[in-house]
Amino acid sequence: MSKDAKRVVVITGGSRGIGRAIALRMAGADTEIYFNYSGRDSRDAEETVKLIEDAGGSASHARVDVASRQDVQDFFNKVVDECGRVDVLVNNAGITRDGLLVRMKEEDWCRVLDINLKGAFHCIQTVAKTMMKQRSGRIINMASVVGVMGNPGQANYVASKAGLIGLTKTAAKELAPRGITVNAVAPGFIETSMTVDLPDKAREAMLAQIPMKRTGQPEDVAEVVAFLASEKASYITGQVIHVNGGMYM
Ligand code: NAP
């Protein structure tokens, strides 16, 4: 099947963790996956492509800093040149730079906001032009449970995720008349490299807040993203879907 006949899915931060699980869940013979990553290590991205190809799908990856408008535009230009369309955008790329509010360095505040929130703005603004012409599209933003609950030590991260929820609702209202849905998924405590280094005390405190008494897996989140990207979710927009074992109700 040629690339321009396939469903085109773009995922930011697809080299590992939740982004990789989304890429794997959405891949298939009729889908072209494009994902990016910050370039920490290209082996993770290559491993994601291999896993997709082993399952019968195809994927391309690129090193992109979503905080850079130029990087994002170059990345989407390539996708549109090759495929002529973008059906799904998943804004998943995200980082943490934790610290107590009173001691937080300005550079840590800015870098987290630049990647987690401004990065999503760059991608939505760029892809919206293509989706508006198509009069169809799905945009899914990766928020977080802490974006609605707050979390000590994560003022920058929490602000970025709360901002992403506001961005989701506004984009949903602006783009709905053009056949584009925009939703957010808010994971709780999911086992990835983002959470693996949490000190035991912090992990225990987190688990104590989860009624299901266990952490989630990247696949739990990927399943919800795949649903929101599907035809079955065509009347859902502007929503925040929580995947957190009951941590926030
Ligand atoms: P992760 O394992 O640390 O993976 C983060 C991904 O984002 C990697 O692919 C990374 O690329 C990419 N990335 C980082 N900075 C980037 C940039 N400037 N431009 C493009 N890509 C960039 O994280 P995760 O746990 O899977 O988290 C994925 C998303 O879910 C994030 O938005 C996170 O905030 C959110 N989330 C996670 C949890 C959780 O418990 N894990 C809970 C709630 C929300 P490299 O491989 O090159 O570094």
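Derivation of every value follows stated rules applied to the coordinates shown; laboratory data play no part. Values in this document were obtained by computation on a predicted structure and should not be read as measured data. So basically every Cβ, Gly included, is an ideal-geometry build from the backbone, and we count neighbours across all protein chains shown.
Values computed for the structure shown
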quantity: The chain - Kirkwood radius from inverse mean 1/r over Cα pairs (Å); calculated: 18.1
quantity: Only Lys, Arg (+1) and Asp, Glu (-1) charged, at Cβ; the chain dipole about Cα centre in debye; calculated: 680
quantity: Mean-position separation - Cα centroids, region 91-127 and region 66-84, in angstrom; calculated: 20
quantity: Summed side-chain charge close to A59 - residues other than A59 whose Cβ falls under 12 Å, Lys, Arg +1, Asp, Glu -1; calculated: -1
quantity: Dipole axis of the chain (+1 Lys, Arg; -1 Asp, Glu on Cβ), positive-most option in F121, A202, Y37; calculated: F121
quantity: Contact order normalised by residue count of region 7-243, Cα under 8 Å, 6+ apart, percent; calculated: 20
quantity: Size of charge dipole - region 11-151 - debye, nearest 20, with Cβ of Lys, Arg +1 and Asp, Glu -1, no other charges; calculated: 420
quantity: 222 nm mean residue ellipticity, helices alone, for the chain (DSSP H n ≥ 4; -39,500 (n - 2.57); rounded to 500); calculated: -13500 deg cm²/dmol
quantity: Two-decimal log10 I(q)/I(0) for region 11-53, as the Debye equation yields it once each C-alpha is a single scatterer, q = 0.13, 0.14, 0.19, 0.30 Å⁻¹; calculated: -0.21, -0.25, -0.46, -1.10
